[in-house]
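Since every read-out is calculated from the coordinates, none of them should be taken as a lab result. As the structure is a prediction and not an experimental result, all values here were calculated from the model. A quick note on method: Cβ atoms are made from the backbone with ideal geometry, for glycine too, and the neighbour counts reach across all protein chains shown.
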Amino acid sequence: MGFIKLFFKNKEEIKEKDIEQFISQKIEENSKLDYKDIKAYQEAEKLATHISSFANSEGGLLILGISQDEIKDETGKIVKIFPKKPTWGKFSLDKESLENRLITLIKPPIDELVIKPVQNKKNEVIFLIDIPRSPNAPHMATDHRYYKRINFRKRLMEHFEVANLFINNWTMKEKIIEKIYVPLSSILEKHAKELETLSYLSPHEVNDILAETYCKMQMPHDLLGQLDYYNSQVEALNKKEHYARRAMAAIFNKTVMKYLKKPVSPSYDFYKIELRAISNTGNKLDIQPQDILRLLLQNQKIENFLKETYWSETCEHISIRYSNESPKELELTEFDEEIWNKCLAEVAANSQVQQFKKNAKSLLEIIWSLIENITRY
């Protein structure tokens, strides 16, 4: 969860009244919260030092457009800072200019830095700057120094702190690669191969890898968002596959019943139909229901399947048996003409099957894009 959502209670759209309500709470500046007058928009170099200090620590929210109410002790030292009032900026102040300057001033740039403008009724603006705890820390400010956030202040980092941050983040990156990225890439490549054959995808495999909670917490938020979206699409695709398979079972069941000159029974009677290939040596080779649905989905000829599966036998006949009735045997060419080809044609025209195939193709593109992103990290 980002810091904007944390401090503004998951609101999707933040308005002027939300800023006023937030100020009324009098939340003290702390290690994860900072207030800056909108004038700091024009002081990007100073702003960059504060933002980099958050990224080098635990992350936080900097609100650019709220003045500070400083509480001092008897010596004049600032001991606490509270929000005072909004200092709205002119509508000409834009997010893109601020973002581009910060990218130039902070090295390396902070991935997943979010700048959210909030406008009032006069079209004046305040900026919410959401800074993540960076896996690429330490980040150097424009003065070639490294800062960290301590309570409501930033301070220069010691040499050993900078060195430790480099070491710790590289160690963590190696752990994430080993525990998350490598197995995740393998699972996604497996899913890609399964999708190419329109096979069922397990919705749990990605989540099993992300069960490495500590490593997951160090991952970029945008990548986690992509993975959440991917999982939702896998679940949606599996539902569509269920309906597609049910439609194909009904088509096969109807076609067989018509051939057998029987009343068309409910689609679940598909599983009462026994299909067997009979070889030239008299061996009977069962064709499983899941094979029938897979071949229909992949638009494959039954003859090719038999040649690939039972390569040591030549299958010339097909036996059809419904429930406990006597089987009916027919030549493979007759089975193709009277049953299989009709099923293939009807399946090809079925909207549920075609929607499933379309979604599977789209998901395949998402997989390869995800793998490319993971490789980049």
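In table form, for the structure just shown:
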quantity	calculated
Förster radius 41 Å - calculated FRET efficiency between N280 and S199 (Cβ-Cβ, nearest 0.05)	0.85
Packing-based exposure ordering (other Cβ within 10 Å, fewest first) of C315, C215	C215, C315
Spacing of the two label points (7 Å from each Cα toward its C-beta) at N151 and D208, in nm	4.9
Share of pairwise Cα separations in region 169-377, more than 31 Å, in percent	37
Length added when fully stretched, E325-N299, from 0.36 nm per residue minus Cα-Cα	6.4 nm
Set of aspartates and glutamates near K284 by C-alpha distance (under 13 Å), chain-local residues within fewer than 8 positions excluded	E274, E313, E316, E329
Neighbour-limited loop hits for trypsin sites (Lys or Arg not before Pro), region 11-40 (at most 15 other Cβ within 10 Å; DSSP other than H, G, I, E, B)	K11, K15, K26
Helix-only mean residue ellipticity at 222 nm for the chain, each DSSP H run of n ≥ 4 adding -39500 (n - 2.57), per residue, nearest 500	-14500 deg cm²/dmol
Least to most buried among V114, V79 (fewest other Cβ within 10 Å first)	V79, V114
Counted charge near L62, where neighbours are those whose Cβ lies closer than 9 Å (Asp, Glu -1; Lys, Arg +1)	-1
For the chain, built as a Gaussian network whose Cα springs stay under 10 Å, the top-fluctuating residue of G76, G89, G65	G76
Largest-first principal axis extents, alpha carbons of region 3-157, Å	43, 39, 28
Unsatisfied cross-links (Cα-Cα over 22 Å) in the set K262/K342; K15/K148; K80/K154; K190/K361; K36/K148; K32/K90	K15/K148; K32/K90
Per-selection metrics, region 233-341 (Cα): Rg and Dmax in Å	14.4, 47
Label-to-label distance, nm, for residues given as N341 and N123 (7 Å Cα→Cβ offset)	6.9
Efficiency of FRET from Cβ geometry, S97 and E70, R₀ 41 Å, rounded to 0.05	0.90
At R0 = 51 Å, FRET efficiency that the Cβ-Cβ distance of N164 and E13 yields, to 0.05	0.80
